[in-house]
Structure formats: C-alpha cells, structure tokens
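In what follows, a single structure is set out as structure tokens and then discussed.
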Amino acid sequence: MTADHRFLPTRETYAEELVAAGFSDNGVRLRGDVAWTDAGGDVRSTRVQVTFGDGFPFVPPTVNLVGDTGLEVTFHVDRPDSTADATLSGNLCLWESNHPVDKAPWLNPKEFLDRVAEWLEFTDAGWPGDT
C-alpha cells in the first residue's frame, strides 16, 4: 500500500499487507509479532491481535496484546469487559480520535505497525512525561 490516500484500504487489502509482514489471518482476526526496542536497548517481539470493526477505514483497527507480554500495561488501554478473552489485553490506545480519514495515520500498514511498536516502547519506559 502506498501513502496515496485517494484510495482507502479495505479489510482485505490491509490484511494482505499484514500477512506479508508475517501475520496470520483467519478471516476474523490477524495475529503477528511486532518488533520493538525496550528501555535497555534490547530488541523484543510482542504478539498482537488486529481486528477490524465495521467502521474501518474511518476508524482504526483494534489492537490487543496476546498472552503474557512481560509488560505492565498502563492506563493506555481500554480495559476489557468481563466477557472479553482473558488471553488478550484491552484495546491499545494508539491515536487521538480527531484525524480526518484521508490523513489518518492508520491507513498505511507500516505506519500502523510502527505506532504499535512505539506504544510498546512507551509502555516499557513507563510513559515518561505522560500523566
């Protein structure tokens, strides 16, 4: 997918790019590993799940951490309700909600994965300066 936002992605075209990046797709959700650098400078990999709501691409995909990541998840997630899958974190809070769709940062899968990696790095560092 290019940075040309004249054409909005569909779930299928977006999923193809994530599969090319190593994610698996069961038709409902995608799962894959995101590489990021921890506060000590070590490269780590964390498994995430990506799902698309009915509003995609006008709203971003939903991202959850899968399993025990070794991270202390902070207030930068929407806490899951009591019926949620216990192996998943709450939805990661990745963006403000005021992006015009033609310039939304989640439209490009690489930028999307970079933002997930950045969220992991900030979480590991304890979100310095963010209270």
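The values are calculated or read from the model by the stated rules, or taken from the named source; none is laboratory data. Quantities reported herein were computed from a predicted structural model and do not represent experimental measurements. Methodologically, a virtual Cβ is constructed for each residue, glycine included, from the backbone with ideal geometry; neighbour enumeration extends over all protein chains shown. SASA here: full protein model, heavy atoms, side chains in, ligands and nucleic acids out. Shrake-Rupley method; radii C 1.70, N 1.55, O 1.52, S 1.80 Å.
Assorted remarks:
- Residue that is farthest from the chain's Cα centre (by Cα) [pool: residues in the stretch 61-72 that are of a type outside the set (S, T, N, Q) and open to solvent by less than 40 Å² (accessible area, probe 1.4 Å)]: LEU71
Rundown of residues vs (1) more than 20 Å from TRP119 (Cβ to Cβ); (2) open to solvent by less than 60 Å² (accessible area, probe 1.4 Å); (3) of a type in the set (Phe, Trp, Tyr), yes/no style:
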position: LEU8; (1), (2), (3): yes, no, no
position: GLU12; (1), (2), (3): yes, no, no
position: ASN26; (1), (2), (3): yes, no, no
position: GLY41; (1), (2), (3): no, yes, no
position: ASP54; (1), (2), (3): yes, no, no
position: VAL59; (1), (2), (3): no, no, no
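- So THR123, is it more than 22 Å from GLU12 (Cβ to Cβ), of a type outside the set (A, V, I, L, M, F, W, C), at pLDDT 80 or above and part of a helix (DSSP H, G or I): yes
- Filtered by the rule that a residue be open to solvent by less than 70 Å² (accessible area, probe 1.4 Å) and at pLDDT below 95, the stretch 28-39 gives ARG29, ASP38.
- Tally of residues being buried (at least 19 other Cβ atoms within 10 Å of the Cβ) and either among the acidic types (Asp, Glu) or farther than 17 Å from ASN64 by Cβ (or both) across the stretch 110-130: 1
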